1. Provide the FRET efficiency to the nearest 0.05 for the Ala209-Leu301 pair, computing r from the beta carbons and using R0 = 30 Å.
2. Could you give the nm distance between label points at Asp276 and Leu193, where each point is 7 Å from its Cα heading toward the beta carbon?
3. Given only helices, namely DSSP H runs of n ≥ 4 each adding -39500 (n - 2.57), what is the per-residue ellipticity at 222 nm of the chain, to the nearest 500 deg cm²/dmol?
4. Quick check on packing: order 28-41, 435-448 by the mean number of other C-beta atoms within 10 Å, highest mean leading.
5. Can you pull the one-decimal nm distance between simple spin-label points at Leu433 and Glu134, each 7 Å off the Cα toward Cβ?
6. Using a Förster radius of 25 Å, what is the FRET efficiency between Asp324 and Ala401 based on their Cβ-Cβ separation? Nearest 0.05, please.
7. Taking the alpha-carbon distance from Lys320 and a cut-off under 20 Å, which lysines remain once sequence neighbours fewer than 8 residues away in the same chain are dropped?
8. Which length gain, in nm to one decimal place, applies between Leu35 and Asp392 when the Cα-Cα distance is subtracted from 0.36 nm times their residue separation?
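Where a number appears in this text, it was derived from the coordinates with a stated rule and is not lab data. As the structure is a prediction and not an experimental result, all values here were calculated from the model. Virtual Cβ from ideal backbone geometry, glycine too; neighbours counted across all protein chains shown.
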Amino acid sequence: MTRVVVRAERTFTGGAFRPATVVVTDGVITDVLPLDATPDVGAGTETVDVPADAVLLPGLVDSHVHVNEPGRTEWEGFASATAAAAAGGVTTIVDMPLNSLPPTTTAEALEIKRAAAAPSARVDVGFWGGAVPENRGSLAPLHDAGAYGFKCFLSPSGVPEFGHLDRPGLDAAMAEVAVLGSRLIVHAEDPDLLHGDGALGRGYEAFLASRPAASEAAAIGSVVAAARRTGARAHVLHLSDAASLPVIREARADGVALTVETCPHYLTLVAEEIPDGAAEFKCCPPIRAAANRDLLWAGLLDGTVDAIVSDHSPSTVELKGAGDGDFGLAWGGISGLQVGLSAVWTEARTRGVPLERLVPLFTTGPAAVAGLEGVGVIEPGAVGHLTVFGPDDAFVVDAGALLHRNPVSAYDHRPLVGRVRRTLLRGETVFDLDGGGVVGHPAGRLLSARAARTTVAAGGR
Ligand code: ZN
């Protein structure tokens with residue numbers, strides 16, 4: 001038996017910060033006791049005393065990460081992505097089904113993904129499947145193999161092997177996931193309202209104009225309508241357009257099973273400040289104006305937004321620099337896995353938003369989006385994933401020092417406040433800022449929705 005006792009004046013448990021002693025036994029939280037408790041611990045118990053200027057959080061959950069191994073490992077691989085996750089306090093990621101080769105659109109492809117991840121995962125990894133024109137009507141094997149749900153695009157995905165769904169295809173995928181009891185997560189941009197293929201120049205304005213908010217609004221309207229018709233659980237990925245929040249809110253009020261996420265870059269960066277040729281800021285949908293950012297924060301605080309996830313989507317330095325900073329030619333995608341909480345917390349402080357409002361959006365929110373159980377909380381029975389965060393720790397982002405594979409970051413040179421000091425996976429320290437960074441052997445586990453479903457079924461008997 002291994003036991004780890006973590007004491008912190010400010011432990012996030014039961015929805016608030018309170019003094020607590022957290023006991024992790026064989027990787028599972030077995031007790032949350034008062035701070036002055038003296039749990040009956042055996043010899044060899046490790047004790048972690050969290051300093052008074054730091055807080056103890058549940059390990060963060062990021063349900064939107066593109067690890068491009070196998071096939072495009074030079075863009076991002078499991079070793080580097082999960083090291084970055086550990087350094088960012090993220091103990092569970094769910095991998096997106098595209099940009100790796102093959103894309104995760106069949107049960108066989110999921111097995112290939114799992115084999116690639118197994119030797120090098122430093123945090124726990126689950127997998128989304130993909131819904132593409134080619135696997136219409138045959139999602140069941142991938143669902144049965146343990147995919148947490150299915151991702152589709154309504155506009156071109158950026159890679160030729162992962163096609164997008166038209167409206168009939170969207171309806172068919174929704175109907176199928178409804179029958180399976182799975183979920184459809186949607187990249188919501190309407191291709192009919194996107195303009196401009198190819199070169200757009202080095203100015204951000206032309207790129208922003210090429211992917212207008214109306215495109216997101218139209219696609220989200222399609223998602224809502226299809227979810228309403230089929231009764232499927234649906235999720236809007238990486239919302240940038242804040243004007244779509246009321247539509248999402250109304251659909252939910254009507255009983256549509258709809259969730260929505262946004263990303264740190266939409267909450268912290270603004271179009272007005274993106275320099276010419278700075279392709280590290282290119283992502284789809286795009287970062288919009290400052291006024292839109294304010295409305296996204298309002299949607300966050302009124303409970304419309306369910307989760308903040310990275311949409312970590314790197315490529316090589318060469319692809320990011322394609323066209324010498326032309327926003328039409330560069331690869332779209334932001335590598336934010338390691339700095340998400342720091343970036344959003346830095347912005348939240350200036351807005352007077354307390355940390356306890358953010359924590360659920362980085363933990364239970366994304367866990368619910370993916371249907372992950374037993375993570376994102378500090379309570380008995382939960383997995384012993386813990387993150388020590390110094391909310392007043394100031395630092396300046398150095399893209400070259402981040403642990404994801406290619407040294408490109410939209411946050412490079414940005415001063416941030418709030419930093420992950422230590423990350424524990426099942427009670428074992430996997431990242432220690434002052435003690436060597438990422439430490440130990442890759443101890444991440446591969447997660448399967450099938451296992452969770454089996455547990456639920458067994459428990460129900
Ligand atoms: Zn994505």
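1. That gives a FRET efficiency of 0.55.
2. 3.0
3. -8500 deg cm²/dmol
4. 435-448, 28-41
5. If labels sit at Leu433 and Glu134, their model points lie 4.4 nm apart.
6. For Asp324 and Ala401, the calculated efficiency is 0.45.
7. Straight-line reach from Lys320, under 20 Å: Lys282.
8. In short, 126.3 nm is gained.
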